[in-house]
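Working notes, beginning with the structure itself.
Just so it is clear, none of the values below were taken in a lab; they were calculated from the coordinates. Remember, predicted model here, so these are calculated numbers, not experimental data. Cβ: placed from backbone, ideal geometry, glycine included. Neighbour counts: every protein chain shown.
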Amino acid sequence: MTRRHTYPQAAAVLSVEESWLRRHIKQLPHTKLGRVVYFTDADLERIDALFHHEPSAGPLANATASAQPTSSHPMSHLRPLPSRRSAVLTG
């Protein structure tokens, strides 16, 4: 039987904020039944593989710097959403 994780459960497993999952749901693997969104264990593994990165600066980077090729951050293309207040004022 496949386990289904809600937003709070998935956020705890991935060690991210629930709001981050909600903001990026369009880019994340998930299942939706009507309005109910859930994540399977396979979805969580794919999310972790897609967005996991090793530190490039600081004390943790020193341990893996020689084994890690230099590259841009995997989530550098993400930008914050505009505030809802500005959308209401301009709309």
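Name the long-range amide H neighbours of T40: under 5 Å, sequence gap of 5 or more, or other chain; modelled H, no Pro or chain starts.
Residues meeting the criterion, in which the H sits 1.01 Å from N, are H5, T31.
In a shell of Cβ-Cβ distance under 14 Å around R23, excluding R23 itself, what net charge do Lys and Arg (+1) and Asp and Glu (-1) give? Please report the intermediate quantities before stating the final value.
Values: positive: R22, K26, R79, R84; negative: E17, E18.
Cβ neighbours under 14 Å give a net charge of +2.
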